[in-house]
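None of the figures in this text is laboratory data; all of them are computed from the coordinates on show. Since the model is a prediction, treat every value here as computed from it, not as a measurement. Quick reminder, even Gly has a Cβ in these numbers, built from the backbone with ideal geometry, and neighbours come from all protein chains shown.
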């Protein structure tokens, strides 16, 4: 299959990370190597370094503030420059955070030759997200910090979401995130039928190889379908 790009975007607590991991597992199953890019994890890891800039970043994150765009773009841009390999698909989580960053990301994807990137918008309400965040145990999930992050999404991130939604360059998926993990994953797969078809081909190929490994099954296969090889269909 050809390489593809998947951009997961949504409010805090919407399940982006979980759905990203499920998609990556599926891509690996159907033989699509991919690179996962998660800005938040990289920022937190950087903040634990000893440089002056890292210490400023650590204080910024502790105060619940947004890291400047140059830093966020430098982090994910650096990941692409150091780790991206020819033919890999890309899976983004936590970016872009601003409309200006969406423009920069677009230039990177165009440079790498990606056509019609997929934007997976996990659509949840502020109240749903707030209740979910309050139900977990992260130390930065106080009511005040949660409300700050949710307000920031509406004012800063939504313009990027609307940009993706309005531009035909992108395949925009508006997924109801207020469902079970399993149902959200099914909705994503339903919106990307070519991935499900690829899984079907993998299964058929596996069954064919398994039958060849068994002489009796291989003989039955030849009698039933003398000219059929699923690997070629």
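Some notes on this structure:
- Summed over region 174-189, residues that are without any contact (Cβ under 8 Å) to a residue 40 or more places away in the chain and either closer than 21 Å to residue 162 by Cα or assigned to a strand (DSSP E or B) (or both) total 1.
- Residues of region 155-173 satisfying the condition of being touching a residue at least 12 places away in the same chain (Cβ under 8 Å), farther than 15 Å from residue 100 by Cα and assigned to a helix (DSSP H, G or I): 165
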